[in-house]
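What follows draws every value from the coordinates through simple rules; no lab data is involved. Source: prediction; values computed, not measured. All Cβ positions, even for glycine, are placed from backbone atoms using ideal geometry, and neighbour counts span all protein chains on display.
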Amino acid sequence: MILDTADLQTIRDCCRDEAAFERLLSVLAGSLAPPETPPPPPRQIWYEAILQALPDRVFLVNRNGDSLDFKGTPEDTEHGFSREAIVGTNLREFLPPDLAQRCLDAIARTLDSGTLQTLEYQIPTAWETAAGELRDYEVRLVVSGPSEVLGIERDITARKRTEEALREREYRYRSLYTNTPAMLQSIDCHGCLISVSDYWLSSLGYTRSEVLGRQAVELMTPASRHYAETVVLPEYFATGVCKDVPYQFVKKNGEIMDVLLSAIAEWDADGSIIRSLAVLTDVTERRRAEQASDRARRLFAEGPVVVFRWLAQTGFPVEYVSANVSQFGYQPEDFTSRSLLYGDIIHPDDAARVSAEVEAGSAVHLTAIEQDYRIITADGEVRWVYDFCSLICSEQGHLTHYEGYILDITERKRSEQALRESEEKFSIAFRSSPTAITLTTLQPAALSRIIDINDSFLDVTGYQREEIIGLTISELDLWVDPAARAQMLQTLQASGSIHNLEMKFRRKSGEIGVALLSAEIIHLKGISCLQTVTIDITDRKRTEEALQISEARNLAFLNAIPDMMFRIRRDGVYLDCKADQESDFVISPSHMIGKTVYEVLPLAAAEQRMAYIERTLETGEIQIFEYQLHNRGELRDYEARLVVSGKDEVLAIVRDITQKKRAIAQLQANAERDRLLGLIALRIRRSLNLDQILTTTVAEVRQFLQVDRVFIGQIDAAWQGKVVAESAAPAWGSILTWIADDMYLREIRALFAQGQVQAIDDTATATVSPLLADYYTRCHIKASLGVPIILGDEFFGVLIANQCDNPRPWAAFEVQLLEQLAVQVAIAIQQAGLYQQVQTLAASLEHQVQERTAQLQQNMQELQELSQTKDDFLNAVSHDLRTPVMGTMMVLKNLQHKPGATVAISRSVLDRMLQSSDRQLKMINSLLEAHSSEAGGINLNCEQLHLGNLVRAIVDDLEPLLVENQATLINQVPFDLLPATADPALIRRVFENLLTNALKHNPPGLQLTLTVAIEDDLIRCNVQDNGVGMTASECDSLFERYARGTRARRSTGIGLGLYLCRQIITAHGGQIGVSSTPGEGATFWFTLPLTT
């Protein structure tokens, strides 16, 4: 479809007004020169320079908290926190568990929301955890890539303290704002009330909940609101200031309040108004008094707006008109004298329409009417005017007046005429525009048909004109997302136009493209149509997406850095600046940009900065320097880092290091103090020469404090005193022999006896006793610092430092140093006293060492005997168990080598094998019985036992063994002996062990004698032999486990028989022992309790 002149005229007639037609023209005219895709800004060098110069910690982590990259501070590098040490670790490894979880949560929020997250916390410095001081840190997190976050950590301890002070000040200011007896109001950028003072509420009669959130102009009269919106506010939004603007506010009870409003705006960094603070002055009474005489001035007597007040009568008689009606060639009295009616100057072609519109507005009770019409000036010229008037009614509701103003709009009307004359050019522009333009019917996609397109649309989509004219949007399948078109139409119906809406479209080839779409509803021949202008930005979007990936981390750096940043040219001109708070700058940014460093900084600081700028540009290396400036009412320290950020341009990152400098100075003073204390303490530990320690101490203290005299004085309870050590400057002399007066000593002891520190900055103004005043005068003392020396709970003396040339304020760390030195001196004195005690105790200690040595030797001997017992037992077990087994093995092997399926064994061989196995079984049973008796005790089955019968049975059973050993046994046990309470089997075992033990350990021909006697409710049994006997030492250990004695050469046992005998007798409540002499035999005995 081709737009001819008639179509263009139809477009003009369908526009809402001339302004709408102008917007349509600007859209089409702008499409004649589509913007080229701008090249990406060369910011990579700048970002790299920022990272290189940034003194904060910068780290790159993933969602799990794993460190992907790290750049530490210079202090981190000094203490071993390098990139190699951090990369690959997890933040849980070096943060407390609760803080580590907070950081992981913040990382997740950053990745999920895509917005910058700020996290604050308190932890000690990583390499000073022992100090215990918590530092405040701020971490800014921004998305820098898929599943990764960039963080910049900043020490904000000083800022936190400053913010606390600012909050207190803000609280005071807010209290002042709320309670001040003035009408104060604050509005936001949309003109809505966000706070009002109590006086404001009481003056207008509202409550705070009734007005907050409402636009301030809603509380004005219609005329004041219109005046504010059309005249005052446009200028205010440009300047940010207005003063004494007259308005009328409507109270809650309907009364009108005349006010004068003065306001000032608060701007953001982009130059937009954030909020405004206004002061309203109630001038109602004054306005009423001045209304008659000052109406002309109040209603803009000067300027293009002519104010009228008409009577609601035919011809519009004028009651009042401002003096500037002279711009139309008339004088006010021409109208007020009624010689000329306002209706007389309305153009005859417009008079009827004007009257009809006024009558129609009055009929529907409008409060105000807007009209455009022509008037005829005094010289006959026709001028177009815009008329706004309010309809004024009496208390009975009858229309009495019209009050408003007219504005000359002739030039605008001429422009509209010129626009109509350009319609033909507009048609040509539509066809030849390099931007794609379409006209479609304004219907849903299934019904909306394409009316017309230009050649650029065909080039973008790849279609031919005849292929798409008349098709519906659905048939063309142009929109990738049809729902997006439906949403676009809803927005268009609500706002009337859409500008630069990004949408995806489908070309004829099926390729998906991206475009910026602008659309507006127009009317062609009575049909609502949609005109769209489309700019293909597919290539630009691809370029932008590639740039977004490469610039994500760089943008993250810029958003997260809280330091002051400046871009400065080689000639020193500031190009740009940035800081978290405007108060960080010496002057405001708006006054800094475009000025040179010489205009902003003091001369010395400016020359220093220019020298480093030149050096940075010449060498290309980072330049770091420090300087001082007066800011925030004090001299503050700053560190600047300069890097090249472009041709003849540097980037300066400036950090406030005032707190750091003060902390370093304090640390140096503390380190020197600690060094001195350490040296003195070391000297005390290494030396016992008290005089040397005290003399060296006072000399080093005098040097450290830079005082004129330091001394240590001793005063005992008998009021005897002396100076035991002193270091004094030659100019002030010595007092080693001066303190001797009893009164002086009592005065000094009374001052310090309770442990108080005496610090006098100026002796001339201090309140002291006459004795001390005389002492200060005689010794030329202008300032004095003294601490007591306490030994345990007793007062020893004083450590005193004197300044003799001038008064001196004593610092807290100096007082603390002397207190700590007094403790060290007390230790040295106590140490010297303890040395004498050590000498006295030395001899006693040597004697104790000799005694302990003898005990150790005895213990060693016992250990050797136990080791020998162990060796004997192992030898016995290995020999006694191995020999029978080997014998049996030899017999069996001999039998194995005999021919035949069966082998005959002689009875003698079988007897020897049985004897060998029996010996092995007895030894194993002895081991088991010894272990069970020691672990769980012996179980007794006691009954009344007649020993005479038991012994006779034992003798009969052992007869073969006695014959074998050629031994003689004499049984002297009476048959009628009183019974004992015992286990018969175990007592039989004891007798058998004692008898067989005697036979085994003596040569053949032994004589044995058995006797039993009653002694004090006990039965004593004796087994006596005339064998080889034993030594006393052998008797002492004979009943121990594995004890075998020197006679064991004939034994094949392992030393458990007598041990088991002792266990059995002890379990019965008796005792067992042996008495023997070498060569005279041995007597074994044991006791049992009688039956009661």
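Listed values, structure above:
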{"read-out": "Under the Debye formula (equal points on every Cα, no solvent term), log10 I(q)/I(0) of region 180-284 at q = 0.11 Å⁻¹", "value": "-0.30"}
{"read-out": "Taking only Cα atoms of region 664-839, radius of gyration then Dmax in Å", "value": "15.8, 51"}
{"read-out": "Highest average packing first - 582-591, 846-855, 978-987, 899-908, Cβ atoms within 10 Å", "value": "978-987, 582-591, 846-855, 899-908"}
{"read-out": "Mean Cβ neighbour count within 10 Å, used as a protection proxy, ranking 505-515, 469-479 highest first", "value": "469-479, 505-515"}
{"read-out": "Estimated FRET transfer efficiency (SER362, GLN443; beta-carbon r; R0 41 Å; 0.05)", "value": "0.50"}
{"read-out": "Region 583-662 - Kirkwood radius from inverse mean 1/r over Cα pairs (Å)", "value": "13.4 Å"}
{"read-out": "Those residues of region 689-716 whose amide nitrogen sits under 15 Å from the label point placed on LEU682, 7 Å along Cα→Cβ", "value": "697"}
{"read-out": "Entries in LYS71/LYS647; LYS71/LYS661; LYS578/LYS660; LYS660/LYS782; LYS71/LYS541; LYS160/LYS595 that, when Cα-Cα distance is taken, lie over 30 Å", "value": "LYS660/LYS782; LYS71/LYS541; LYS160/LYS595"}
{"read-out": "For region 294-422, convex hull volume per residue from C-alpha positions, Å³", "value": "121 Å³"}
{"read-out": "FRET efficiency, 1/(1 + (r/R0)^6) with R0 22 Å, evaluated for ARG431 and ASP539 via beta carbons", "value": "0.35"}
{"read-out": "Inverse of mean 1/r across different Cα pairs in region 44-161, Kirkwood, Å", "value": "14.9 Å"}
{"read-out": "Length gained when the stretch GLU395-ALA182 is fully extended (0.36 nm per residue, less Cα-Cα span)", "value": "73.4 nm"}
